[in-house]
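Worksheet: the structure to be examined is printed underneath.
The values are calculated or read from the model by the stated rules, or taken from the named source; none is laboratory data. The structure displayed is predicted, hence computed values, not measured ones. No Cβ is skipped: glycine too gets one built from the backbone with ideal geometry, and neighbour counts run over all protein chains shown.
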Amino acid sequence: MAKKIVKSRFYFEEGFQEHLAEVSTDSPESWGDNDTLEIVGKPVSRIDGYDKVSGTAVYAFDKIFPNMTYARTLRCPHPHAKILSINTAEAEKVKGVLKILTHENTPKIPWYGMSYLFDPHLRFEGDEVAVVVAETEQIAEDALQLIEVEYEELPFVVDAGNAMEEDAPAIHESGNIQGGKPSTYSRGDIEQGLKEADVVLEDTFSTQVVIHNPTEFHCSTVNWDGDDLTVWDSTQAIFGVRDSIARSLKIPSNKVRVIKQYMGGGFGSKLELGKYTIMAALAARDIGRPVKIAVDRRTMNLAVGNRPDSVQTLKIGAKKDGTLTAIAHSSFGAAGAYPSGAGCSWPARSMYNCANVFTEDYTMFINAGPGRPFRAPGHPQGFFALDSLLDDVAEKLEMDPLAFRLKNYAEIDQVANQPYTSKLLKEAYDEGAKAIGWERRRKPAGSDQGAIKSGIGMASQIWWGGGGPPAGAMIRLNRDGSLRVIAGTQDIGTGTYTFIAQVAAEVLEVPVDQIEVILGDTAVAPYCGGSGGSTTAPSVSPAVRDAAEKMKAKLISGAAAVFETPENQLSYKDGVITDNTNTSRSLGIAEVVRKMRERVLIANGARGENPDGYSINSFGAQFADVSVDTETGQVTVNRIVASHDIGRILNRKTLENQFHGGMIQGLGYALMEERVIDKNTGKVMTTNLHNYKMPTVKDIPEMEIIIVSDGDPMISNTGVKGIGEPAIIPTAAAIANAVYNAIGVRIKSLPITPDKVLNALYG
Amino acid sequence: MGENGSSNGISRRKFLKGFGTGVVGSSMVLNSLGAATKEEKEQMREYLQNAEPLTLTVNRRKHRLMVEARTTLAEVLRNYLQLTGTKIVCNQGECGGCTVLLDGKAVYSCHLLALDAAGKSVTTIEGLLTGEDLHPLQDAFVEKDGLQCGFCTPGQIMAAKELLAKNPRPTRKEIQHGMAGNICRCAAYPKIIESVEYAAGMGNSQ
């Protein structure tokens with residue numbers, strides 16, 4: 001049961017976090033290869049599969065409380081405006097309307113660190129103006145139409161470049177540059193590095209804003225019972241949301257229970273408390289009835305997060321032998337109207353070996369919905385620029401792009417100046433190149449004859465995703481042998497329920513279906529962090545193993561007491577404990593509990609500490625094979641090979657699925673997805689799933705997934721690195737390089753749409 | 001919070017007096033058991049202006065309801081009949097999340113007025129179950145992991161149901177064509193295709 005509290009530092013989505021955390025100090029050594037394991041790593045079917053395919057899974061959007069009411073939100077139609085007056089009198093007369101909230105009758109609850117729950121200064125299209133709660137959704141919608149708002153329209157700016165101009169409208173008094181200055185990084189001497197170079201290339205690349213668009217709306221269903229508030233929330237972070245609710249409503253955290261059994265996707269957009277939750281809670285408290293609140297699809301595309309865009313100017317210097325001497329990266333991107341992170345220079349800082357690096361990232365405020373973390377913040381955009389220009393430098397040096405990357409292989413983490421716990425990127429390059437048939441690359445680029453030209457390209461990947469403490473898990477064993485694992489994490493569709501059951505089943509040597517897993521309930525679970533940063537499996541799986549090992553130790557101790565035999569004379573196999581001194585004596589784990597006074601035996605586990613002086617990162621490379629129709633400009637991705645070092649595979653089936661998902665989202669980013677704002681009106685043009693193009697089942701390429709790693713024993717007792725974000729990071733860059741290899745012309749702007757291809761070819 | 005904005009929670013108790021007097025969602029269903037009280041029915045009529053009677057069969061069970069003309073089939077299924085397996089994702093017929101069978105034909109229930117389903121037979125994801133047992137097609141989606149978050153899954157399965165009814169042994173291309181109206185943002189597409197292939201291969205997907 002040994003635990004202590006230590007300083008813990010790990011990367012979560014948009015920055016390093018350092019905090020104290022309770023860790024387990026007596027967890028066993030890491031497992032060996034997956035070959036030595038029975039259940040972990042195997043393609044076990046999701047244990048929550050039944051609920052999801054039967055329609056019985058209850059998402060926050062599905063939760064029904066007796067006597068429930070429905071909320072709808074009135075949103076600002078302008079990119080920038082102030083409310084001069086608001087009149088709800090007519091709306092209140094509608095039969096069935098129960099409550100209308102506006103800035104005039106609602107406390108000034110701080111939001112975004114620089115605004116309020118209802119702020120009469122509206123800084124983007126979709127900003128909240130009023131909420132109506134009514135007996136039905138239709139009544140609420142009717143009433144919304146009757147609210148009279150007089151707006152003073154203000155000058156707006158919806159482009160990060162324009163926001164930098166001196167006479168640009170100010171979104172905030174503090175100016176349009178978030179934090180007042182760029183975020184910078186430097187090592188070595190960039191000027192010296194450029195001088196040493198035999199070849200220097202400079203170019204500018206741009207990437208678009210993309211929208212998470214998870215299928216389930218951002219939503220909450222809230223219910224007060226006396227002073228206790230229960231919130232069913234579509235969230236990736238139950239404890240974070242719980243504490244934010246408590247702070248916003250000024251009530252104790254133990255009066256707030258946040259539940260998330262299932263959620264219809266988040267991809268980073270559901271890591272924080274939504275305004276809608278507080279609005280529903282305020283209204284529900286006032287009318288004494290439960291409230292369901294959900295944004296609609298239009299609002300999903302306006303107001304609840306996006307991947308910021310970027311304009312990146314990159315300068316790379318290299319010697320004739322291919323040694324990189326300098327990387328200078330300068331970017332700006334749009335945070336939206338409130339703080340977010342548009343930085344995208346981590347790939348330039350960390351991926352390749354280079355002594356002289358300088359980066360600066362400007363995050364700009366504009367009059368549009370705020371950005372939020374989106375599956376590997378900054379990385380798909382950063383790699384698109386970095387690996388595009390890197391290929392151009394390789395071509396100039398007449399080097400093979402892969403050989404160029406190997407020449408500049410970073411053996412250590414140059415930013416932290418310390419070794420990695422493991423890095424199998426060479427193996428990943430090698431296997432991936434073999435699988436795609438790297439030798440089939442067109443030499444020179446664009447050399448296919450005929451209208452349809454094909455090509456092959458690749459890009460690298462680095463991410464954190466080692467997780468870390470705190471993460472806790474509890475196991476309860478009943479007298480009938482049934483087991484329950486409880487953890488304060490959440491399954492966001494990634495298979496968390498299932499790997500937790502597998503890890504517990506592996507240790508206790510019982511069938512997976514004997515284990516029930518309870519997640520996503522702040523009232524009952526040991527703390528785990530938000531599901532982001534590819535940290536869930538690497539943080540939580542070791543805690544589950546720790547708890548299971550402790551349960552096993554208790555059971556052995558119990559059997560020792562029954563047999564009156566020392567523990568070291570007992571053996572544990574398939575959930576049965578046998579006395580080695582008299583092998584006719586054995587007890588099943590349920591029998592041990594039945595001999596105890598406890599009707600439920602409980603063991604608690606925690607994740608151990610990360611190793612001191614090492615960086616934990618995942619690595620990989622993706623290789624794309626594309627065809628470009630040079631008459632229509634249409635790009636078709638034929639095949640992608642993903643070859644990665646991600647530590648241990650917990651579940652082959654869910655791993656493949658999550659990789660497919662990341663790669664297909666990466667394909668959407670490369671070729672079709674884009675939020676479009678009309679600069680003249682400041683209004684978003686892509687507010688539905690027809691205009692906002694996402695990949696369908698018809699757009700998918702063949703995909704092959706190669707995992708070159710089998711557990712990293714230095715990280716934790718399970719040796720797992722996260723996979724959610726690595727999967728999407730190199731995809732767009734690999735496709736872009738393949739397009740270059742096919743047509744011999746560089747497309748420097750995502751998405752690579754037919755018009756851009758035709759312009760590049762003939763423009 | 002209004003006048004009672006002290007937010008210490010104590011003032012909240014008085015609001016609870018009103019609890020339980022409103023119209024519960026399910027009482028909008030005038031089922032044959034006549035569960036709604038007279039008072040509730042009157043309240044409902046008052047709220048639902050221009051409500052019209054609707055009879056339809058959902059998962060082999062007949063329902064009589066009062067709905068406003070603008071109410072969609074998806075809203076009736078979710079809010080009136082509490083069949084929340086049917087999801088609303090785009091709410092304008094672009095993504096297939098709300099797919100159900102109407103007299104055996106796959107339709108977007110968010111895009112269909114409930115009154116247009118009058119007299120017809122609706123099958124939702126819940127209707128594929130036999131008791132608590134999964135339909136082989138549902139089994140296939142578990143076995144082949146044709147889902148991640150699961151939110152679009154009911155729609156995917158209902159689309160596959162119609163596809164296999166029309167074409168019991170579809171090619172991969174035919175599956176892609178048949179399922180193209182259903183968006184999965186997690187992009188579990190390769191395994192959705194595998195699931196449909198697996199169900200077709202089992203030959204008992206009807």
query = In segment A:117-144, which residues are more than 35 Å from the chain's Cα centre (by Cα) and at pLDDT 95 or above?
reply = A:Ala143
query = What number of residues within segment B:168-180 satisfy the criterion of being at the interface with chain A (Cβ under 8 Å from one of its Cβ atoms) and either of a type in the set (Phe, Trp, Tyr) or in a loop (DSSP other than H, G, I, E, B) (or both)?
reply = 2
key: Hey, A:Asn691 free of Cβ contacts under 8 Å to residues at least 40 places away in the same chain and more than 23 Å from A:Gly266 (Cα to Cα) or not   = no
request  = Say whether the condition of being surrounded by fewer than 21 Cβ atoms within 10 Å (Cβ to Cβ), touching a residue at least 24 places away in the same chain (Cβ under 8 Å), of a type in the set (Ser, Thr, Tyr) and more than 10 Å from chain B (Cβ to nearest Cβ) is met by at least one residue in segment A:704-724.
outcome  = no
message = For segment B:85-99, check the following and say yes or no: at least one residue is more than 10 Å from every other protein chain (Cβ to nearest Cβ) and either modelled with pLDDT of 95 or more or in contact with an Asp or Glu (Cβ under 8 Å, 6 or more places away or on another chain) (or both).
response = yes
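Quick one: would you say A:Thr25 is of a type outside the set (A, V, I, L, M) and farther than 29 Å from A:Phe374 by Cβ?
So A:Thr25 passes the test.
For segment A:252-282, give me the residue count where each residue is under 26 Å from B:Cys186 (Cβ atoms) and part of a helix (DSSP H, G or I). Walk me through how you get there before you give the answer.
Initially, segment A:252-282 is screened for residues under 26 Å from B:Cys186 (Cβ atoms), giving A:258-277.
Going one step further and asking which of them are part of a helix (DSSP H, G or I), we end up with A:275-277.
Within segment A:252-282, residues that are under 26 Å from B:Cys186 (Cβ atoms) and part of a helix (DSSP H, G or I) number 3.
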remark   = From the option list B:Leu163, B:Leu129, B:Leu137, single residue qualifying as closer than 20 Å to B:Leu83 by Cα and surrounded by fewer than 23 Cβ atoms within 10 Å (Cβ to Cβ) is B:Leu129
ask   = Restricted to segment A:222-235, and to residues that are polar (S, T, N, Q) and within 11 Å of chain B (Cβ to nearest Cβ), which residue is surrounded by the most Cβ atoms within 10 Å (Cβ to Cβ)?
value = A:Ser234
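Working only within segment A:103-136, note down all residues that are more than 26 Å from A:Ile171 (Cβ to Cβ) and crowded, with 19+ Cβ neighbours inside 10 Å. Talk me through it step by step, then tell me what you get.
Taking segment A:103-136 and keeping what is more than 26 Å from A:Ile171 (Cβ to Cβ), we get A:105, A:132-136.
Once the filter is applied, which keeps residues that are more than 26 Å from A:Ile171 (Cβ to Cβ) and crowded, with 19+ Cβ neighbours inside 10 Å, segment A:103-136 yields A:Val132, A:Val133, A:Ala134, A:Glu135, A:Thr136.
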query = Has segment A:457-467 got at least one residue that is touching a helix residue (DSSP H, G or I) at 6+ places or on another chain (Cβ under 6 Å) and surrounded by fewer than 24 Cβ atoms within 10 Å (Cβ to Cβ)?
reply = no
inquiry  = I'd like to know if segment A:538-557 contains one or more residues that are surrounded by fewer than 21 Cβ atoms within 10 Å (Cβ to Cβ) and of a type in the set (Val, Ile, Thr).
reply    = yes
inquiry  = From the list A:Gly666, A:Gly661, exactly one residue is more than 30 Å from A:Ile39 (Cβ to Cβ), touching a residue at least 24 places away in the same chain (Cβ under 8 Å) and within 14 Å of another protein chain (Cβ to nearest Cβ). Which is it?
reply    = A:Gly666
message = Could you check segment A:142-154 and list, in sequence order, the residues that are of a type outside the set (A, V, I, L, M, F, W, C) and in contact (Cβ under 8 Å) with a residue 60 or more places away in the chain?
response = A:Glu148, A:Glu150, A:Tyr151, A:Glu152, A:Glu153
ask   = Being free of Cβ contacts under 8 Å to residues at least 40 places away in the same chain, surrounded by 18 or more Cβ atoms within 10 Å (Cβ to Cβ) and within 12 Å of another protein chain (Cβ to nearest Cβ), is that true of even one residue in segment B:114-126?
value = no
query = Among the residues of segment A:676-693, which ones are in a loop (DSSP other than H, G, I, E, B), surrounded by fewer than 22 Cβ atoms within 10 Å (Cβ to Cβ) and out of contact with any Pro (no Cβ under 9 Å at 6 or more places or on another chain)?
reply = A:Val676, A:Lys679, A:Asn680, A:Met685, A:Thr686, A:Thr687, A:Asn688, A:His690, A:Asn691
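One line per residue, one yes/no per condition, for (1) surrounded by fewer than 17 Cβ atoms within 10 Å (Cβ to Cβ); (2) in a strand (DSSP E or B):
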position	(1), (2)
A:Ile5	yes, yes
A:Leu20	yes, yes
A:Val23	no, yes
A:Trp31	no, no
A:Asp35	yes, no
A:Glu38	yes, no
A:Pro43	yes, no
A:Arg46	no, no
A:Arg72	no, yes
message = When you scan segment A:104-114, do you find a residue that is part of a loop (DSSP other than H, G, I, E, B), of a type in the set (Lys, Arg) and touching a His at 6+ places or on another chain (Cβ under 8 Å), even just one?
response = no
query = Just one of A:Arg46, A:Arg72 is touching a residue at least 60 places away in the same chain (Cβ under 8 Å), within 20 Å of A:Thr718 (Cα to Cα) and within 14 Å of another protein chain (Cβ to nearest Cβ); which is it?
reply = A:Arg46
query = Looking at B:Glu40, B:Glu75, which is the one that is at pLDDT below 95 and in a helix (DSSP H, G or I)?
reply = B:Glu40
Number of the exception - A:Met596 against (1) surrounded by 19 or more Cβ atoms within 10 Å (Cβ to Cβ); (2) under 29 Å from A:Ala525 (Cβ atoms); (3) touching a helix residue (DSSP H, G or I) at 6+ places or on another chain (Cβ under 7 Å) = (1)
query = Scanning segment B:182-206 for residues that are more than 8 Å from chain A (Cβ to nearest Cβ) and in a loop (DSSP other than H, G, I, E, B), which turns out farthest from the chain's Cα centre (by Cα)?
reply = B:Gly203
inquiry  = I'd like the residue in segment A:81-102 that is among the basic types (Lys, Arg) and part of a loop (DSSP other than H, G, I, E, B) and, out of all such residues, is surrounded by the most Cβ atoms within 10 Å (Cβ to Cβ).
reply    = A:Lys95
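Go through segment A:345-428 and tell me which helices (runs of 4 or more DSSP H), entirely inside it, have 2 or more residues that are out of contact with any strand residue (DSSP E or B) (no Cβ under 6 Å at 6 or more places or on another chain), touching a residue at least 12 places away in the same chain (Cβ under 8 Å) and within 26 Å of A:Gly161 (Cβ to Cβ).
It comes to A:346-350, A:379-396.
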key: Pair list, Cβ < 9 Å and 6+ apart or interchain, from segment A:113-141 residues that are within 11 Å of chain B (Cβ to nearest Cβ) to residues that are of a type in the set (Asp, Glu) and assigned to a strand (DSSP E or B)   = A:Leu117/A:Glu128
ask   = Looking at segment A:428-450, is at least one residue closer than 26 Å to A:Tyr614 by Cα, buried (at least 24 other Cβ atoms within 10 Å of the Cβ) and outside the structural domain of A:Ser183 (by TED's automatic domain parsing)?
value = yes
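When you check A:Val697 against the structure, is it aliphatic (A, V, I, L, M) and within 11 Å of chain B (Cβ to nearest Cβ), yes or no?
When the stated conditions are applied, A:Val697 passes them.
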ask   = Checking B:Asp145 against (1) over 14 Å from the mean Cα position of the chain (by Cα); (2) more than 8 Å from chain A (Cβ to nearest Cβ); (3) crowded, with 18+ Cβ neighbours inside 10 Å, which single condition isn't satisfied?
value = (2)
